[in-house]
1. Answer yes if at least one residue in segment 91-112 is outside any loop (DSSP other than H, G, I, E, B), at positive phi and in contact with a Phe, Trp or Tyr (Cβ under 9 Å, 6 or more places away or on another chain), and no otherwise.
2. Do you know which residues across segment 131-172 are open to solvent by less than 80 Å² (accessible area, probe 1.4 Å), among the small types (G, A, S) and not in a strand (DSSP E or B)?
3. Return the pairs, sorted by first residue and then second, in which the second residue is of a type in the set (K, R) and outside any strand (DSSP E or B), the first residue lies in segment 15-41 and is closer than 30 Å to F73 by Cα and at pLDDT 85 or above, the beta carbons are less than 9 Å apart, and the residues are 6+ apart or on different chains.
4. Looking at segment 109-122 only, could you name the residues that are surrounded by fewer than 24 Cβ atoms within 10 Å (Cβ to Cβ) and not hydroxyl-bearing (S, T, Y)?
5. Going through segment 127-141 one residue at a time, which ones are among the charged types (D, E, K, R) and closer than 17 Å to F159 by Cβ?
6. If I filter segment 50-74 down to residues being open to solvent by 50 Å² or more (accessible area, probe 1.4 Å) and part of a strand (DSSP E or B), which single residue comes out as modelled with the lowest pLDDT?
7. Return only the number of the condition from (1) closer than 14 Å to V212 by Cα; (2) modelled with pLDDT of 95 or more; (3) surrounded by fewer than 17 Cβ atoms within 10 Å (Cβ to Cβ); (4) not acidic (D, E) that A82 does not satisfy.
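The values are calculated or read from the model by the stated rules, or taken from the named source; none is laboratory data. Computed from a prediction, not measured in an experiment: that's the story for all the values here. Reconstructed Cβ throughout: ideal geometry from the backbone, glycine too, with neighbour counts over all protein chains shown. Please note that ligands, DNA and RNA were not included when accessible areas were found on the heavy atoms of the full protein model with its side chains. Shrake-Rupley method; radii C 1.70, N 1.55, O 1.52, S 1.80 Å.
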Amino acid sequence: MAFKPAWLALAAFIATGASAQTTPVATTVAEWDFNGAFDAANGGYQGTTKHDMSQNGASIAFLSGSTTLTTQFVSSTGSSDAITNGKALNTANYAPQGTQSGVYGVQFGVDTTGYENIVFSFDQRNSATASAWTELLYTVDGESWLDAATFHMTRQGSFVTGLTYDFSSVLGAANNESFAVRLVSIFAPGTSSYAGTTSAYAAGGTIRYDMVRFTGTEMLAPVDPIPAVPEPGTYALMLAGVGALALVARRRRAQ
């Protein structure tokens, strides 16, 4: 029992001398809220393809096949955008029924250099005749596209907020200047045709996107596994701890 205070003191010293480990906090790497300058005469914030975060090589592109995907900026009411009278991106003029699955949609790119634990999130609103199935694709080289997930929309006329895919375990998503994702309309699984959200599919069905965001944590610098040479004050504390243990040991022998 006589050793307990000494061991506690030594443990406290070791704990104090160890480097504090902090948990990285996720930050926004790039974001598209589609809100432009405020214009009261024209209904509030005017839409734009620009995003709030301009760093990290963020980009947006519109994908289409035999016909041209049309885009415009419309109300973001119901999305997770905190801006009143904000805008959302509206897409229309999709592929004819039974053709070009996975071709029409929107692409978002971002340079994730210096970031890891990448998470992609967005809000989506379908009209009744829009494709109920949206596929998320990604690329780590800017050329080859891989499947990540599918999203099944089952309600029309209102946003589904906070749709998310975690790329933390995907090799190449972190620290990559060529990372990008696509959201494209696809056939209903196991079929060769599109399924409408709540009604029969039509190429004129619309899909809105808002609050499209990449988040991640800043990559920490590598930690040298070799302990640094202790400062003189640290030596003094170590010697005091060893001395305390030696004193306790001598007292136990003397008893």
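1. The first filter runs over segment 91-112 and keeps only residues outside any loop (DSSP other than H, G, I, E, B), leaving 91-92, 105-110.
This time we only want the ones that are at positive phi, so: 105.
From what's left, in contact with a Phe, Trp or Tyr (Cβ under 9 Å, 6 or more places away or on another chain): 105.
Within segment 91-112 (the criterion being outside any loop (DSSP other than H, G, I, E, B), at positive phi and in contact with a Phe, Trp or Tyr (Cβ under 9 Å, 6 or more places away or on another chain)), the answer is yes, since at least one residue qualifies.
2. A132, G142, S144, G157, S158, S168, G172
3. Sorted first by the residue in segment 15-41, then by its partner, the pairs are W32/K50; F34/K50.
4. Selection gives G109, D111, G114, E116, N117, V119.
5. none
6. S59
7. Against the list (1) closer than 14 Å to V212 by Cα; (2) modelled with pLDDT of 95 or more; (3) surrounded by fewer than 17 Cβ atoms within 10 Å (Cβ to Cβ); (4) not acidic (D, E), A82 comes up short only on (2).
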